[in-house]
Amino acid sequence: MKKLLVIPFLAAMLFGACKKNDNSVSTLVTYSVPTITLTGASYYSINVGGSLPSISATAYDSFYKESYPVVIDQSTLDNTVPGLNIVYIKSQNKYGMTNTKGVYVAVTDINPLINLAGNYQRVSNSAPVVVTKLANGLYMTNNVSGALSGGDAGYFVQTDDTTIILPTQTSAVFGTLYGTNAKVHMLVGDTAYQYVLNPNTTFAPSTRVFQKQ
């Protein structure tokens with residue numbers, strides 16, 4: 001009788017051990033999204049009321065080794081007023097994993113012959129700034145705050161001979177910022193632009209003036 005009692009007990013222990021091992025098995029889940037590659041421009045400029053040119057892009061998921069279609073979402077584009085918009089390109093793989101990539105679109109009727117690109121200095125501290133023209137009326141400054149060190153890039157749009165727009169944007173260094181009292185002064189040999197940075201408490205509420213060199 002003792003042998004009959006011992007055998008079921010051992011079997012129960014073995015079964016319990018197997019069950020415990022089964023519970024310890026984990027499932028490896030692979031997460032992959034398509035990589036979106038622009039085959040055309042990253043920056044565009046259109047007139048007020050104008051239409052966005054065709055955006056050329058491809059999407060490829062290197063894990064599944066498959067190409068996927070791209071969708072251009074123009075719902076964020078407001079072509080009725082001057083400013084800067086981000087239009088998003090989206091792509092989704094066969095498992096529903098989605099990726100997005102943005103392109104910048106300036107809306108402005110500024111004369112294409114105007115070019116503010118060049119080397120500047122902030123007037124108050126002589127901090128160097130480089131302004132690059134990306135598209136008609138659309139510019140990038142490599143030092144939006146005019147800091148002597150630790151500056152960050154920013155975008156602005158020129159809308160007429162005296163006005164620029166520094167729209168709400170995200171800075172890697174300063175977080176969300178935008179500009180008010182944004183103006184440009186253009187004379188031969190005397191070009192400058194200015195704005196007040198808000199609402200980051202890091203910034204003094206003073207006008208930052210940048211003079212072309």
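If you plug each phi of the stretch 146-151 into the Karplus form 6.51 cos²θ - 1.76 cosθ + 1.60 with θ = phi - 60°, what whole-Hz ³J(HN,Hα) values come out, in order, with x for Gly and Pro?
Running phi through 6.51 cos²θ - 1.76 cosθ + 1.60 with θ = phi - 60° gives x, 7, 5, 8, x, x Hz.
Sort S91, S124 so the one with the fewest other Cβ atoms within 10 Å of its own Cβ comes first. Before the final figure, lay out each step's value.
Values: S91 23, S124 13.
With the sparsest Cβ surroundings first, the list reads S124, S91.
Calculate, for N181 and M97, the FRET efficiency according to 1/(1 + (r/R0)^6) with r their C-beta to C-beta distance and R0 45 Å; round to the nearest 0.05. Please list the in-between numbers first.
Values: r = 44 Å, r/R0 = 0.98.
Once the sixth-power term is evaluated, E becomes 0.55.
Given 0.36 nm per residue, what is the gain on full extension from S51 to Q211 after removing their alpha carbon distance, in nm? Don't skip to the answer; put the middle values down first.
Values: separation 160, 0.36 × 160 = 57.60 nm, distance 3.40 nm.
Gain on extension, S51 to Q211, equals 54.2 nm.
For R208, which sequence-distant residues (separation of 5 or more, or a different chain) have an amide H within less than 5 Å of its own amide H, given hydrogens modelled in the peptide plane?
Counting only residues 5 or more places away or on other chains, the set is Y195, V196, L197.
What full-extension length gain, to one decimal in nm, is calculated for D73 and V123 as 0.36 nm per residue of separation minus the Cα-Cα distance? Intermediate results must be reported in sequence, preceding the final value.
Details: separation 50, 0.36 × 50 = 18.00 nm, distance 4.08 nm.
Gain in length upon complete extension: 13.9 nm.
None of the figures in this text is laboratory data; all of them are computed from the coordinates on show. Note that the structure is a prediction, hence the values are computed from the model and not measured. Cβ sites come from the backbone with ideal geometry, for glycine too, and all protein chains shown count toward neighbours.
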